Amino acid sequence: IEIFETAKVYWPQPAGLPTEEVLLGLCSGSDFHGLKGLIETLLGALKPGTILTCKPYKHELFAAGKGAELWIGAERLGFLGECSKVGLAKFELRGQVAVAELRLDVLEKIADLIPQATELSPYPPVARDINLVVDEAIRWGGIGQTVLVRAATSV
């Protein structure tokens, strides 16, 4: 499974109205390191060179040693963890699951949304792949010449 969701979360306060925050929730059938790699890739796409710091985090829903609090500089980005047996049972999951919760406001702060020009590859993508089965006695030079002649006459 590979799913995500953005949603508003309301944190209760000692007095007054709850604090509202928009979070990105991720759920993956991969392990802790696979989802961490995905988050690092996301951060690299938003702002190249962004450094993600992981601090150990313990929670009953996370497997021992597989929970982390995620930080970018002095900003807490969120949490990442691999579900423990308690977490799997609580949410009726049958296999390994890694989850993360990220603050969208932190992602927006670091995002470098100015489009950057990149040099085109000198190796264009392949639009068609041709497979030929020929007798071993036929040399590549003959096949290549035939392909070039056919391509030139079909234009």
Solvent-accessible area of Lys90 with every protein chain in place, 1.4 Å probe, in Å² to the nearest 10: 130
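Going highest first, how would you order 53-59, 78-84 by mean Cβ packing within 10 Å?
On the way: 53-59: 11.9, 78-84: 22.1.
Ranked by mean Cβ neighbours within 10 Å, highest first: 78-84, 53-59.
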Net charge of Cβ neighbours under 15 Å - reference Ala63; Lys, Arg +1; Asp, Glu -1: +2
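What is the chain's relative contact order, in percent, from Cα pairs under 8 angstrom and six or more apart in sequence? Don't skip to the end; give the middle numbers.
Numbers: 208 pairs, mean separation 30.4, N = 155.
In percent, rounded to a whole number, it is 20.
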Dipole of the chain, positive end: most advanced residue of Leu43, Ala98, Pro18 [Cβ charges, Cα centre]: Ala98
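Could you work out [θ]222 nm for the chain from helices alone, using -39500 (n - 2.57) per DSSP H run of at least four and dividing by all its residues? Round to the nearest 500 deg cm²/dmol. Let's see the in-between values first.
Details: 4 runs with 43 residues, N = 155.
Helix-only estimate at 222 nm: -8500 deg cm²/dmol.
Which percent of the accessible heavy-atom area of the range 1-135 goes to carbon and sulfur, probe 1.4 angstrom? Display every interim value, and only then the final one.
Details: 5880 of 9960 Å².
Carbon and sulfur together cover 59 percent of it.
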The range 75-155 shape via C-alpha gyration tensor axes, a/c threshold 1.5: oblate
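For the range 3-88, what is the charge dipole size about the Cα centre, in debye to the nearest 20, if Lys and Arg each add +1 at the Cβ and Asp and Glu each add -1 at the Cβ?
Numbers: 8 positive and 9 negative charges, 33 e Å.
Magnitude of the dipole: close to 160 debye.
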Size of electric dipole in the range 3-150: Cβ of Lys, Arg +1 and of Asp, Glu -1, about Cα centre, debye, nearest 20: 200
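I need to check one value: relative contact order of the range 53-126, counting alpha carbon pairs closer than 8 Å and at least 6 residues apart, in percent. Working shown, then result.
On the way: 97 pairs, mean separation 16.4, N = 74.
Here the relative contact order equals 22 percent.
Assign unit charges at the C-beta atoms only (+1 for Lys and Arg, -1 for Asp and Glu), then state the dipole size of the range 48-93 relative to its Cα centre in Debye, rounded to the nearest 20. Could you put the intermediate results ahead of the total?
On the way: 6 positive and 5 negative charges, 23 e Å.
Dipole magnitude for the range 48-93 comes out near 100 debye.
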Count of lysine pairs in the chain with Cα separation under 22 Å (8 or more residues apart, or interchain): 17
Additional length obtainable on full extension of the chain from His59 to Glu21, 0.36 nm per residue less Cα span: 11.6 nm
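The values are calculated or read from the model by the stated rules, or taken from the named source; none is laboratory data. It should be emphasised that the depicted structure is a prediction, and the values quoted were computed from it without experimental measurement. Note: ideal-geometry Cβ built from the backbone for every residue, glycine included; neighbour counts use all protein chains shown. The protein model used for the area step is the full one, side chains on, heavy atoms only, and it has no ligands, DNA or RNA in it. Shrake-Rupley method; radii C 1.70, N 1.55, O 1.52, S 1.80 Å.
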